[in-house]
1. Scan segment B:164-206 for residues that are more than 7 Å from chain A (Cβ to nearest Cβ) and among the basic types (Lys, Arg) and jot them down.
2. Yes or no: segment B:20-33 includes at least one residue that is more than 28 Å from residue B:170 (Cα to Cα), more than 14 Å from chain A (Cβ to nearest Cβ) and out of contact with any strand residue (DSSP E or B) (no Cβ under 6 Å at 6 or more places or on another chain).
3. Test each condition in (1) surrounded by 18 or more Cβ atoms within 10 Å (Cβ to Cβ); (2) farther than 17 Å from residue B:172 by Cα; (3) modelled with pLDDT of 90 or more for residue B:94 and report the one that comes out false.
4. With respect to the numbered conditions (1) at pLDDT 90 or above; (2) within 24 Å of residue A:188 (Cβ to Cβ), which one is the sole condition not fulfilled by residue A:47?
5. Do we have residue A:80 as surrounded by fewer than 18 Cβ atoms within 10 Å (Cβ to Cβ) and either part of a helix (DSSP H, G or I) or outside the structural domain of residue A:131 (by TED's automatic domain parsing) (or both) here?
6. On the basis of being at negative phi, more than 8 Å from chain B (Cβ to nearest Cβ) and not small (Gly, Ala, Ser), does residue A:161 make the cut?
7. Kindly establish whether residue B:182 is buried (at least 16 other Cβ atoms within 10 Å of the Cβ) and at pLDDT below 90.
8. Residue check, residue A:38 against (1) in contact (Cβ under 8 Å) with a residue 60 or more places away in the chain; (2) farther than 26 Å from residue A:142 by Cα, all met but one. Which one?
Protein chains: 2
Amino acid sequence: MDSTPPIPTKQRILAAAEELFAQHGFDGASLRQVTASAGVNLAAVNYHFGSKSQLIEEIFRHRLDDINGRRLLALHKIAGKPETVLEDVIAAYVRPAVELSGEGEGSVFMRVMARAYAEHDDTLRRFLSENYGHVMRQFVAEFGRLLPELGKEDLYWRIDLMTGALTHAMSGFGMIQRKSDIPERQHREKIVEQLLRFTASGLRHP
Amino acid sequence: MDSTPPIPTKQRILAAAEELFAQHGFDGASLRQVTASAGVNLAAVNYHFGSKSQLIEEIFRHRLDDINGRRLLALHKIAGKPETVLEDVIAAYVRPAVELSGEGEGSVFMRVMARAYAEHDDTLRRFLSENYGHVMRQFVAEFGRLLPELGKEDLYWRIDLMTGALTHAMSGFGMIQRKSDIPERQHREKIVEQLLRFTASGLRHP
DNA sequence: GTCTATAGGGCGATAGAC
DNA sequence: GTCTATCGCCCTATAGAC
């Protein structure tokens, strides 16, 4: 039985890279730091991933698959049902991102994401559109069902502004920061609550 | 008369740096590119600014002084008046940022700003708080006057979420992008209009 | 198939000549 | 005030060991 393969070099690189990238940024963390932290040789990154940017893309794919999978799961539980309210759909969109930000491994990914948004890279835009566009389309459809009086353009704008508020809240940069005497879990609930109230009113604007 | 000094090396560096940083990011643009574009020697940056990061800080100070100066001017015209409505205060906060993003020189600064937000650097946070905290406090006071039923914590949260929506809209990353047949100026008006409606409702949430 | 050692070229910073 | 030369660190690519 060829059980227990020695140690997965590739995954040790991934784990070390995600932590260091979130901490110091894509350019701030060097492959030398990453490979040293993972306890592997510098060139192992090129062997397993091809280049630094392909390593970054792999991290994105991993986390975004997770977030968007959870979003779709939550959406499918409520989509089309007569008792569903706007807040339910917002929660299905917002909660997976907030929750991931509170789980050990993924705790720092949303900061990576916020950083990447600001990079304004067309490659990333295409990547997101190609891989997760279908998720967005399903949310747009459900938002449209619950806000029938809203034109398509207004709807897109408001979902976009909601995403901005979410990303900003996740990036942890704003004035509001978790006070040291408040547990992490409670702070995340507060984020979801505040986002729900603010964006629900924003989306409903007549 | 010692008029017309040769050529201001320092300012040529500043102009070239702002353009290249906005285009390729702080790490993406090298001092070698900046100095080549400005037509000055590489070492001139270190002589005039001390380091790359101090050059970046100088650019921030310049643009933020501009934006916050305009914000205060707009706020002082309406603060405390009985006929002032919430939308006026939001506009005083939002419009200077949107307008600057449409002026030749500053056209790309808000992207630089969005990027910096995502960097999540405590140095930047302290810099903003020390230099522009008084502007924020005056806006908080006026928002508080018009939303008296809102607790202080809720008020801070919502202003923060508004800033997130603004920053995201400015970064130009979202789904909504200017269509090529719509003039830049008209697109900026649309941004202000959508932001006003969305955030006014969000702030007013009962 | 997996990994190591190493070389090439770009980067920011600085010392010291002018 | 400006420039050249140079140092140490970075990412990438690749030849070859295991």
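The values are calculated or read from the model by the stated rules, or taken from the named source; none is laboratory data. The structure displayed is predicted, hence computed values, not measured ones. Neighbour counts are summed over all protein chains in view; Cβ atoms, including those assigned to glycine, are modelled from backbone coordinates with ideal geometry.
1. The answer is B:178, B:179, B:185, B:188, B:190.
2. Let us first name the residues in segment B:20-33 that are more than 28 Å from residue B:170 (Cα to Cα), namely B:32.
Those left that are additionally more than 14 Å from chain A (Cβ to nearest Cβ): B:32.
Narrowing the set further to residues that are out of contact with any strand residue (DSSP E or B) (no Cβ under 6 Å at 6 or more places or on another chain) leaves B:32.
For segment B:20-33, residues more than 28 Å from residue B:170 (Cα to Cα), more than 14 Å from chain A (Cβ to nearest Cβ) and out of contact with any strand residue (DSSP E or B) (no Cβ under 6 Å at 6 or more places or on another chain): present.
3. (2)
4. Going through the list (1) at pLDDT 90 or above; (2) within 24 Å of residue A:188 (Cβ to Cβ), residue A:47 breaks only (2).
5. Numbers: surrounded by fewer than 18 Cβ atoms within 10 Å (Cβ to Cβ): yes; either part of a helix (DSSP H, G or I) or outside the structural domain of residue A:131 (by TED's automatic domain parsing) (or both): no.
Answer is no for this residue.
6. On the way: at negative phi: yes; more than 8 Å from chain B (Cβ to nearest Cβ): no; not small (Gly, Ala, Ser): yes.
It is false that residue A:161 is at negative phi, more than 8 Å from chain B (Cβ to nearest Cβ) and not small (Gly, Ala, Ser).
7. Numbers: buried (at least 16 other Cβ atoms within 10 Å of the Cβ): no; at pLDDT below 90: yes.
Spelling it out, it is not the case that residue B:182 is buried (at least 16 other Cβ atoms within 10 Å of the Cβ) and at pLDDT below 90.
8. (1)
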